[in-house]
Amino acid sequence: MRCLIALAASLASSALAQPFQLIVTVSPPGSDPNPANWQPTLRIGVNGSGGTTFPLANIPKTEVFDPAGIAFRSASDLFVGNRHGNVLGQGSISRFTLSPDGATTTQTANFTAPGMIGVHELAYDATRDHLFAACVNNGVYRFRFDASGNPVLVGSFAPGRLARGIAVHPSGGYLYMTAASGTIFTFQLTGQSGVTELPATSIPGASNLHFFCVSPDARHLYASDIGSNKVFRFRLGALGELTLDQTITSQAAIDLAFSPDYTEMFVGNHFQGGITRYRAGAELNWTQSGTIATPSMGGFGTFVAPGCIADFNFDGAVDFFDYDDYVRCFEGQACPPGRDPDFNGDNALDFFDYDYFVQLFETGC
């Protein structure tokens, strides 16, 4: 059901202007139990934000099994979620190592767990070193990594429920889930295994929400909707709140990803195929700028180093320039593009915002 575009920086996060790659799992709509029809995972090189594209060697379909979701644990540690046709009672995650230059991928493992059926989106929690997997009709599975880096099943939650997209709040405190509807479900994560479901959020205008992407600056959560042909952008609150602040029209939007410098957005078309490109304007408003021809798309995963919201000017460093920029913004003077003084995202400007900024600034995030 999904194609996956993973934006993988070909070098470390310091090389934001350098070429990067889109890793795209081709996922035709619906369920197909015939392995002969399952597709490979494509890789597309991009010559920097807004640049030309070029083909890279694909991950063959002998190493992925009706692929859908992608997540990175690091720039070289890639995971691909496999649907196995959705209806065969199977699901798995393939693991790959990317070469330092990003040119080659080497499969290192394929793992599963009882009941982990039809894996869709994957989400990595850098605060705990945990990996989450959305299962087509059996909720969310959770893995930790042991001292050797091997995945170990922690457990699962939301059993027997539809799950398509999942994303983890940058703080690690919350997980969001879609279920092919107009609702986003929120779970509070505590400790190494605690999960508590919180009230769900109904999204006006949404009908068939699928995959998520957290913005590189850690301030927003984007959710794609194949039914309403929209991408919804939400401001992330410190306590897991979601506040809708932008809607972008994009046909059969299954998922999205960003260039590492957050100036270009890529949105996959699930039904007709193709990737629509958007460039960022003032205040992070998005304007369509072109397309990339592909088969039917699914979810996207971007490798960007975990975002730090205290990097208020988004220059890759937390320093007193961020402090000065935030104080000016808080006092009603100029704010950096796409920023606002409501730092904790609770729709109110007060000293709780200033205190929260100082707290993260002093801890380095």
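Observations on the model:
- Of all residues making up the stretch 303-325, the number that are of a type outside the set (A, V, I, L, M) and touching an Asp or Glu at 6+ places or on another chain (Cβ under 9 Å): 10
- The stretch 273-304, subset closer than 17 Å to residue 212 by Cα and aliphatic (A, V, I, L, M), residue modelled with the lowest pLDDT: 304
- Residues satisfying the stated conditions in the stretch 26-80, i.e. over 26 Å from residue 208 (Cβ atoms), of a type in the set (Ser, Thr, Tyr) and within 22 Å of the chain's Cα centre (by Cα): 49, 53, 74, 76
- Scan of the stretch 327-343 for residues that are part of a helix (DSSP H, G or I) and of a type outside the set (D, E, K, R), ordered by number: 327, 329, 330
- Residues of the stretch 123-180 satisfying the condition of being within 26 Å of residue 363 (Cα to Cα), in contact with an Asp or Glu (Cβ under 7 Å, 6 or more places away or on another chain) and surrounded by fewer than 20 Cβ atoms within 10 Å (Cβ to Cβ): 144, 145, 172
- Near pairs, Cβ below 6 angstrom, 6+ apart or cross-chain, from the stretch 66-86 (in contact (Cβ under 8 Å) with a residue 40 or more places away in the chain) to any residue that is basic (Lys, Arg) and surrounded by 24 or more Cβ atoms within 10 Å (Cβ to Cβ): 68/2; 68/83
- The sole residue among 248, 275 that is within 26 Å of residue 37 (Cβ to Cβ), in the same structural domain as residue 174 (by TED's automatic domain parsing) and either in contact with a Cys (Cβ under 9 Å, 6 or more places away or on another chain) or among the β-branched types (Val, Ile, Thr) (or both) is 275.
- For first residues located in the stretch 202-231 and modelled with pLDDT under 95, partners that are among the small types (Gly, Ala, Ser) and not in a strand (DSSP E or B) and lie 6+ apart or on another chain with Cβ distances below 6 Å form the pairs 216/307; 217/307; 218/307.
Every residue, every condition in (1) closer than 22 Å to residue 249 by Cα; (2) among the hydrophobic types (A, V, I, L, M, F, W, C); (3) surrounded by fewer than 21 Cβ atoms within 10 Å (Cβ to Cβ); (4) within 24 Å of the chain's Cα centre (by Cα), yes or no:
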site: 271; (1), (2), (3), (4): yes, yes, yes, yes
site: 279; (1), (2), (3), (4): yes, no, yes, yes
site: 314; (1), (2), (3), (4): no, yes, no, yes
site: 317; (1), (2), (3), (4): no, yes, yes, yes
site: 320; (1), (2), (3), (4): no, yes, yes, no
site: 323; (1), (2), (3), (4): no, no, yes, no
site: 349; (1), (2), (3), (4): no, yes, yes, no
site: 363; (1), (2), (3), (4): no, no, yes, no
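The values are calculated or read from the model by the stated rules, or taken from the named source; none is laboratory data. All of these numbers come straight from a predicted model, not from anything done at the bench. Because the Cβ atoms are built from the backbone with ideal geometry, glycine has one as well, and the counts that use them run over all protein chains shown.
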